[in-house]
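What follows is a set of notes on a single structure, which appears directly below.
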Amino acid sequence: MNIEVTINGESRSIETEGHRRLLDVLREELGLVGTKEGCGEGECGACTVLMDGEPVNSCLVPVGQIQGTQLTTIEGMAGSDGLHIIQDTLVRYGGAQCGICTPGVALCAKWAVEKEPGASKERLRELLAGNICRCTGYQAIVDAVVAAQNSSESSHE
Amino acid sequence: MGHASNSSEEAKAKGSVGKGLARVDGAAKVRGTARYVDDLKFPGMHHGLTKRSEVPHGILRGIHKREGFDWSQVVVVTAEDIPGRNTILLIEEDQPALVAIGAHVRHVDEAIALIAAPTRALAREAHGFLDLEIEEIPAVFDCEEALSAEVNVYGDDNILKTYLIEKGDADIEEKLASCDHVVEGLYRTQAQEQMYIEPQGMIASWGEDGVCHIIGSMQCPFYIQKAMRALLALDDDNLVVEQAVTGGGFGGKEEYPSMIAGHAALLARKAGVPVKLIYERDEDIAATTKRHPSVVRHRLGFDADGTIRAIDVDVIFDGGAYLTLTQVVLSRGVLHAAGPYKCENTRVRGRAVATNTPPHGAFRGFGAPQTTFAYERQTQKAAALLGMSPFEFREHNMLRDGDRTATSQLLEGSVGSEDVLRAVKEVAEANPLPKDDPATSIRHGRGVAFYFHGAGFTGSGEARLAGRATVALAEDGHFEVRSSSTDIGQGVQTMFTQIAATGLGVEPDAVRVPTPATDRVPDSGPTVASRTCMVVGRVVGQASVALKNRIESWASENGFGDMPLRQAATAMAKVEGEISETVQYAPPPGIVWDDETYTGSAYPCYGWAACVIDVRVDTDTYEVAIDRCVHAVDVGKAINPVVVKGQIEGGTLQSLGWALWEDVIYKNGKVANDRMTNCIVPTFSDAPEMHTIIVEEPFANGPYGAKGVGEIPMDGPCAAAAGAVEHALSTLVSSEGFDALPVSPEAIQRAMRLDS
Ligand code: FES
Ligand code: FES
C-alpha cells in the first residue's frame, strides 16, 4: 500500500505492505536506525517514536496505521540549532550510558514534559515507566528530566 | 591571545580528572547516531539463524533437511564445516561451537546447525524444515542432585572446580563449639539475566585476501580473537575483531560473544557473503549465560560481646553444562565469602557443579553477590540475636587498615570501611523509620549491608596478563588512546579521555578514544573485574605522561620550547613520523599470592561499600516498595563523579531487582520465562530515589588514586533489601523466610502462611 506520512517534519510517501512493523520500515526502508529494537513485544520502549505527539512502541504498530500522521523519531528531536533541552540534560546528568534505551527515553521524556509541565518526580517515573533502562538505575534520567523541566520553566519566565 | 588561552585553560580544567565531563559519546547516543551492530549493513549481507538442540541431554544422531523447501536458497553449516577445532576456547576446550553427529548434547540450547539466508524470514522458514534426531538420555538440573553423579555431565563427578581457603590453626568445628553463639543459615540465590537492552549480535565477513572481519556487541575483543584462532584455524594476521557501539554488557557479553562470532564467521565463510547474526530477545534470554544459581551454607561463631571468632562457609555454584568462566567466578565467590570482617579462624569450601542447563557465566559481581548475600544475612541475624545495632556489630568486627583478610592478605592503605559505614549510618540516623500503624496493612523495615569487592584480577592474574595501552598522536592531530577496553556504557571512553587529557595537559577534545579493533590496539586485557579504570587507566595515564615528556623534550631541544603541546607534537610528528608511547602494566610490588593454598594478596586492593535500604511491605498484597536507598562506596578517586555515580546507581538497582523481583525459571533445563514480559527487570516506578555517597580513600597504585567501582554496587543491596523485608515483618515471620532470593510477593506470602 501507499502511505503518506510526515516524518520529522518532512512529508514522505512510502510504498510497502501495511502489516509490516513500523520499526522495520523506519530502520530498513528509511534508514532511520536511531529507533532501536530491544524486545519486539512492547515491553522495553527502545523502539518508542512519537505519533501525533504521543509515544508508541513502533515494534507493535503495523505501518498501515501511520497513514496521515506526524511522526517524530530520535533523528528529528534535535533542532537545527543543537540538541533538544532533554537531550542536553541527559548527556550532562549521565542519563545515557550504553545509550541503547536513550532514543526511546528521550522521546518519551519530551512527551512527558510537554504533557505535564510541572510533574513531580514520582509522576515522571510513572509517565516514563514504559521505557526500560538497565544501565542507569533511572536516577540520572529522572534528574535530567527534572533539570530540563526547570530550565524550560525558567525560559518561559 | 589572553582570551584564547583562558578558554583553553577552562576547557582543560573541565576535562581534568575529578570533574564531571559530559560523556564523550553522549551526543551521538542522544541523537540516535551511534551505530550498534544491528544498525550496520554490508553489501550482499545475509541473515543468520541458529538451530538448537531443544533436548537437555542426549546424543546427536542426525541432521535432516526435510523436503518441501528449496534448500538451494540458503546455506546450512554444521560441525563438518569447521576448519579448525570444534570448540569455543576460553579456559578449557569442553564446549563445542556446534555439536557434531555422534557427540553429546548437554543442554537444551546447544547450537547444532546454522542457517544463512538473504532475509530473516527465509532463514526462519528453513529453520522449520531442518529436523534434528537426538537420542535422549537422563538429565540432571539441580546442582545438589548433580553431586550424587548418577547422571554424568562433566568428568566423573560433575564437579567443575573446587576451592578451599583455611585460616587459623584450630579445627573449625572445635572453634565454632567454643563460641558463645553460632548462627547457621542456608542461603539460595537464583540465576539472573543481565538483560542488556541491546540483544547480542555479530556480523562476519571474509575478504578476498582471506582475512576474516568480525564486528559486534562485545566486552572482550581479544577473547574472541583467541577463540576464533582455534575455531577458524587462522592466525592473528588474518583475523580482525572489532567492537561496535555496545548496548550494555554487565558481564553477559564477556564469553558468549565468541560463540556468536564463530557462528557468524562459519556462515559467512560458507555463504561467501557477510552474515549478520542478531539474537531475538527470547533466544538471548534462553541461550546466553546468566548469574550462577548458588547454595551457600554459612556458620558464624561469635562471643557475647559481639566479636566474631569463627566462620565456616560451604559454597555451591551451578555451572551449567560447560566450564566457560565458572572456575573464575567461583574463585571470586569464595574469596569474598568470609566478608569484610576480622576473624582468626575461617574455612571456606567452594564447589562448582555441572548440570544440564545452559552454562552460567559472568555477571557484574562475578560470584561475590551470592556469597555477600549469605554473609550479610548472617551478620544481620547475629546483631539481632545480641540486640546490637546492625551498625555497631559491623563496626565492632570490620576489617580496617592493617588487618588481615581470610587469605591473610595484609590491608595497607585505601581501606574506606569505617567511612562508608559511617556515611550511611549518619543518613539513616537522621531519617528514622516511620512508626507502623497497626490499623493498616503497611509495615516498615530497614536493612543494612556492608561489603567489599576485590578490584582487578585475582592474585597474579594482572602480572600474567601484562595489559598494555598506547597513547599516540593520530594523523589528524588528535591524541588517540588505544586500548582493548570496551565502552559498554560504563564510560571508559570518557574516563580515558580525562586521564589522558590530564596526563598530557591538554583539553579533553584534543583526545580521542576509538572503539577497539584487534588490529589497531594492543591487548589491554578484557573489560571485566572492575579493572578497566584501575589497571588500564593507570597505563593510559603513564603513557600520556611519557608522551608529554617526550614531546616536551623534543620541543625544547629543537627550539619549540614555548609551543603548546599539540602544536609541538604535530611539528615533531612531521620530523619523526607517528609518535606514540605504549606502557605495560606493572603490578604494585609486594603482591604475593599462592594459588595452591589460596593465601596471600588475593587482589591489589578492595573497594568498600555500605548501604541502607528502607522498605514498606503491604501485608495484604505482599508487595514491597523501597522508600530509601542510601549507598556509600569507596572508589579511591572518582575520575568522573557523574560516571561513577551512574555505575553505583545502575549496579544498585540490578542488585535490588535480583533481591525482590527478578527470577529465571527453568523447566527441564529450559528457561520458561524467556521474554521481557515475564523475565522482568525493575522499571522507573519500581526504582527508588537513590542517595549515593562517593567516598575517596585513594589507592596508591591506581590512576590518581582510583580503584574499581563497576561491580561492588551489585554485591550488597540485595542483602540489605532482604534484611529490610525481614525487619518489617519480624513480628510476623521468622527470618528463614528471607534466606532465598527473590523475596518476591509470592515468597513473602509463603513465609507468612507458614508462620501463621
Ligand atoms: S522493541 Fe518495541 S518495546 Fe521493545
Ligand atoms: S543507558 Fe543502557 S539501557 Fe539505558
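The values are calculated or read from the model by the stated rules, or taken from the named source; none is laboratory data. Since the structure is predicted, the reported quantities are computational estimates derived from the model, not experimental observations. So basically every Cβ, Gly included, is an ideal-geometry build from the backbone, and we count neighbours across all protein chains shown. We work out accessible area using only protein heavy atoms, side chains counted, and drop any ligands, DNA or RNA first. Shrake-Rupley method; radii C 1.70, N 1.55, O 1.52, S 1.80 Å.
Values as computed for the structure displayed
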read-out	value
Segment B:E166-B:V575, extension gain: residue separation times 0.36 nm, minus the distance between their alpha carbons	141.2 nm
Residues of type aspartates and glutamates that B:K645 reaches as a straight line, Cα spacing below 18 Å, ignoring anything fewer than 8 places off in the same chain	A:D143, B:D25, B:D419, B:D487, B:D634, B:E689, B:E696, B:E697, B:E711, B:D715
Förster-model FRET efficiency, 41 Å R0, B:D519 and B:Q567, C-beta, rounded to 0.05	0.85
Extension gain, B:N558 back to B:Q749 (0.36 nm per residue minus Cα-Cα distance, nm)	60.9 nm
Average beta-carbon neighbours from other chains, 10 Å sphere, peptide B:31-43	5
Within chain B, longest stretch free of exposed trypsin sites (Lys or Arg not before Pro) [DSSP loop, at most 11 other beta carbons within 10 Å]	B:67-434
Whole-number percent relative contact order across segment B:532-601, with pairs defined as alpha carbons under 8 Å at least 6 apart	32
Given B:K381/B:K670; B:K226/B:K276; B:K167/B:K226; A:K121/B:K425; A:K121/B:K19, the pairs whose alpha carbons are separated by over 30 Å	B:K381/B:K670; B:K167/B:K226
Low-density loop cleavage sites - GluC sites (Glu not before Pro) in segment B:475-559, where at most 15 other Cβ are within 10 Å (DSSP)	B:E475
Between 0 and 90°, nearest 10: helix A:102-115 axis offset from chain A longest Cα axis	70
Calculated [θ] (222 nm, deg cm²/dmol) that DSSP helices of n ≥ 4 give over chain A, each run adding -39,500 (n - 2.57)	-9500 deg cm²/dmol
Cross-link table A:K36/A:K115; B:K12/B:K253; A:K115/B:K12; B:K41/B:K290, entries beyond 32 Å C-alpha to C-alpha	B:K12/B:K253; A:K115/B:K12
Two-site label geometry, B:Q73 and B:I137: point separation in nm, points 7 Å out along Cα→Cβ	3.9
Number of partner chain Cβ atoms within 10 Å, mean per residue of B:673-681	3
Percentage of interatomic Cα-Cα distances in the protein assembly as shown larger than 41 Å	37
Rounded to the nearest 10 Å², the accessible area of B:E93 at probe 1.4 Å	90
B:A463 versus B:K667: modelled label distance in nm, points set 7 Å from Cα along the beta carbon direction	5.2
B:Q584-B:S441 pseudo-label distance in nm [points 7 Å out on the Cα-to-Cβ vector]	6.6
Fraction of antiparallel bridges per DSSP, the protein assembly as shown only, in percent to nearest 5	80
Förster radius 30 Å - calculated FRET efficiency between A:S152 and B:K14 (Cβ-Cβ, nearest 0.05)	0.75
In Å², nearest 10: area of B:D237 left accessible to a 1.4 Å probe	130
For chain B: relative contact order, % (alpha-carbon pairs under 8 angstrom, 6 or more apart)	16
Backbone N under 18 Å from the B:V592 label point (7 Å along Cα→Cβ), restricted to segment B:382-410	B:402-410
Within 10 Å of each Cβ in B:649-662, the average number of Cβ atoms from other chains	3
Segment A:36-111 and segment B:322-390: distance between their alpha carbon centers, rounded to Å	41
Theoretical ellipticity at 222 nm over chain B - DSSP helices of four or more residues, -39500 (n - 2.57) apiece, nearest 500	-9000 deg cm²/dmol
Highest to lowest packing among B:449-462, B:145-158, scored as the average C-beta count within 10 Å	B:449-462, B:145-158
